[in-house]
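J.: Handing you a structure now.
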Amino acid sequence: ESSIDLARCGGRGRLTVQAYVWPTQRSYTGQPSVELRVLGAPPLLELVLEELFQLGARPAQRGEFTFRAFMAGRLDLAQADAVLGVIDAADFEQLQVALKQLAGGLSGLIGSARSELLNVLADLEAGLDFIDEDIEFIGRAELLARLGAVRQQIERLHQQAEQRMQSQHRNRVVLGGLPNAGKSTLFNALKIGRAHV
């Protein structure tokens, strides 16, 4: 726990700042981190940031924490992409899709397909090792069925990815007019109407 002199911004007394230290690699970025907790008033936050910048800290770049988490192996590429999906989600449905991907849903499906392909490959190689002994580890019909199932799974993932890449931006509308012209009434009526759709 530390404090900052409030006289620098015209106040009196000192502002208490609590620091929570993550000394190991269990932070979001997989690196040692410090999380500061302070009252949420913007002038106070600016004062804390100014103090930190004078001590040599710098603001994080956009996406820097997610990039660091990816580089440290805390997130895979699909999960790192899902972070942006969570930020850009325009409705609850988009948020749910992004959160599922962030939790490893997409990565799990890809991992499952990869695992099944490796199992099929192992069965084929085992059959080649024992070809002289007439032992069949996997028949042609079973091979085609298993490969077909993996192909369908990959095609579904591809369709989902294409749908996600399509622009889902909504049109922006500005309600402009003189004071007391009915902008708020119209806006509220539109919100109520949308809730009943």
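J.: Taking the range 117-147, which residues are open to solvent by less than 80 Å² (accessible area, probe 1.4 Å) and basic (Lys, Arg)?
T.: Listed by number, the list holds a single entry, Arg146.
J.: Restricting the range 31-62 to residues that are modelled with pLDDT of 85 or more and small (Gly, Ala, Ser), which is surrounded by the fewest Cβ atoms within 10 Å (Cβ to Cβ)?
T.: Selected residue: Gly56.
J.: Could I ask something else about it? Would it be correct to say that Arg156 is at pLDDT below 75, within 31 Å of the chain's Cα centre (by Cα) and open to solvent by 80 Å² or more (accessible area, probe 1.4 Å)?
T.: Judged against the criteria, Arg156 is not a match.
J.: Applying the selection to the range 170-197, what residues are modelled with pLDDT under 70 and either assigned to a helix (DSSP H, G or I) or touching a Gly at 6+ places or on another chain (Cβ under 8 Å) (or both)?
T.: Those that are modelled with pLDDT under 70 and either assigned to a helix (DSSP H, G or I) or touching a Gly at 6+ places or on another chain (Cβ under 8 Å) (or both): Ile192, Gly193, Arg194, Ala195, His196.
J.: In the range 102-116, what residues are over 30 Å from Ala89 (Cα atoms) and either at pLDDT below 85 or surrounded by 15 or more Cβ atoms within 10 Å (Cβ to Cβ) (or both)?
T.: Across the range 102-116, the qualifying residue is only Glu116.
J.: Another question, then. May I ask you to verify whether Ala19 is within 30 Å of Leu99 (Cβ to Cβ), of a type outside the set (Phe, Trp, Tyr) and surrounded by 13 or more Cβ atoms within 10 Å (Cβ to Cβ)?
T.: no
J.: Further, regarding this structure: Of the residues that make up the range 73-88, is at least one open to solvent by 60 Å² or more (accessible area, probe 1.4 Å), among the polar types (S, T, N, Q) and under 15 Å from the mean Cα position of the chain (by Cα)?
T.: The answer is no; no qualifying residue exists.
J.: On the basis of being at pLDDT 85 or above, surrounded by 11 or more Cβ atoms within 10 Å (Cβ to Cβ) and either under 30 Å from Ala82 (Cβ atoms) or among the aromatic types (Phe, Trp, Tyr) (or both), does Arg164 make the cut?
T.: Criteria not met by Arg164.
J.: Continuing with this model, one more query. Can you tell me which condition Glu51 does not meet? The list is (1) in contact with a strand residue (DSSP E or B) (Cβ under 6 Å, 6 or more places away or on another chain); (2) in a loop (DSSP other than H, G, I, E, B), and all the others hold.
T.: Here Glu51 meets the rest and fails (2).
The values are calculated or read from the model by the stated rules, or taken from the named source; none is laboratory data. Just so you know, these numbers come straight off a predicted model, no measurement behind them. With ideal geometry, Cβ positions are generated from the backbone for all residues, glycine too; neighbour counts draw on all protein chains shown. With ligands, DNA and RNA removed, areas are computed over all heavy atoms of the protein, side chains included. Shrake-Rupley method; radii C 1.70, N 1.55, O 1.52, S 1.80 Å.
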